[in-house]
Structure formats: structure tokens, C-alpha cells
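Please treat every number below as a calculation from the coordinates, not as lab data. None of these values were measured; they are calculated from a predicted model. Here the Cβ is made from the backbone with ideal geometry for all residues, glycine too, and neighbour counts use every protein chain on show.
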Amino acid sequence: MSAVPQLELRGVTKRFGGVAAVDGVNFEIAKGDIVGIIGPNGAGKTTLLNCISGVYHPDGGDRTFQIVKPFGSMTARENVGIGALFGSAHARRGVKQAFALADDVLALVGLKAKADQPVSALTIPDRKRLEVARAVATRPQLLLLDEVMAGLNNVEIDEALEMVRSVHATGVTVLLIEHVMRVIVGVCRRAIVLDSGQVLAEGEPEVVLRDERVIQAYLGERYAKRLKSS
């Protein structure tokens, strides 16, 4: 862990109607790290990401999307160009620069050949790639990914894994939510397990996934038997 974390959460809490969806969460992420958040449905994973990104304002604590929403009337290149044009203030650039960057990013995520296709012609996996591309085009320091592998088959998951590795290799810190365990093991250096809004376990994925508390709360005995036989 670096001396000064890129992201630090201390006692982050978010309540809905008096119920704590996120309850006193603490963790740090170093610059250049790639970390996965896992846990059962309703554990507070997406709520936590929304607190980090600013969609929600936490009810307590300090901090220093599953739905694909492209611009349907535009091409893939135009969608990513918009991200480059209207990203964070320090990353904004002229139109020519923005579309040059869009081309680079589309190549990075494997969409170069489909740059001029309308979004309506793209498959669901390609639309997910497009969402990642549009985010990367804003030149983020920290990229939040919420179940980008959901609904993909094994081949598509392998392709998406390579995409995440490629983005991370450019120096972007990545925090992702996933239910696909081979994604967590395949790309993440660290896994954080949430249960009932609290951190249940944290550490290297191979260690965390063998934790009895994690097996009981999330993975189940069926997964545990597969681990023992592997």
C-alpha cells in the first residue's frame, strides 16, 4: 500500500429509510491498483460505488454503472469523442484532439473496426466495451466498473478481461464490482467482500475466496467443494 492512498474510505455510511445499505466501510486503494468488490445481492456494493462517485452523498464518514446508456443516434466513435470532449475539466480538449483520442481508446478496448457503426448495430458486449471506452476517454485517474461482465458468455468474459487489463496497463486505477469469480481472480490484486453493508473480508483474491466466512455468506458450499478439488 502506498504512503498516500489514491482513494481512502473511513466510516462511509449510507442509509435509506433508516436502513444502512453501507455501514461504516473502511478501505484504501493505492494508485495503480486493481481491486474487486464482491458480495451477495443487497450487500451494498453498487450503493458504495455510488457514494464514491458522488451519485449519493454519504450519511456518515469521509472519502478523499450496470446499465448501458450510450447515445443511440451516434456512432461508436462519436460516443467516445463526447467523453473526451466533456470529461473532467483537466482532461478537456479540442474536437480534433478528442476524436484522435477516441480512435486510440476504441483500439484499446477492441472496437476500432466498429468505430463508424451506429450504436444500434452493436451487440450488448460491444456496448459494454463502448461504455468503458467513453469513461476511459475522460482520462480518469480512477475507473469504477459495476458488473461489466454481467450477461456475457465465457468467450466474451475472456475478451472483457483482456480489455480491463489493457485499460489498467495504461496506468488507470480500477475498482470493480463483479459476481464472476474468475474475473476477480484473473485481474484483481485484492478483493473486498461486502455483506450487509459492511466489510466482511479483504485481501488477495485466492485467500479471500477460501475464507470460511465468505463461503458461508456468499459463495456457498458448492463453490467450496470446487475449490478443494482444484
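Details
- Rounded to 0.05, the FRET efficiency of the Val185 and Asn41 pair, given R0 = 22 Å and the Cβ-Cβ distance, is 0.60.
- Whichever aspartates and glutamates have a C-alpha closer than 20 Å to that of Lys114, once near sequence neighbours (fewer than 8 apart) are set aside: Glu78, Asp103, Asp104, Asp126, Glu131, Glu156, Asp158, Glu159, Glu162
- The alpha-carbon atoms of region 68-139 define a convex hull whose volume equals 71 cubic angstrom per residue.
- Distance between the modelled labels on Ser120 and Ala150, one decimal in nanometres: 2.6 nm (7 Å Cα→Cβ projection).
- Dipole axis of region 68-139 (+1 Lys, Arg; -1 Asp, Glu on Cβ), positive-most option in Val109, Gly83, Ala121: Gly83
- Cβ-based charge dipole, the chain, positive-most Cα from Gln198, Val214, Gly32: Gly32
- Assuming charge only on the beta carbon of Lys and Arg (+1) and of Asp and Glu (-1), the dipole of the chain about its Cα centre is about 340 debye to the nearest 20.
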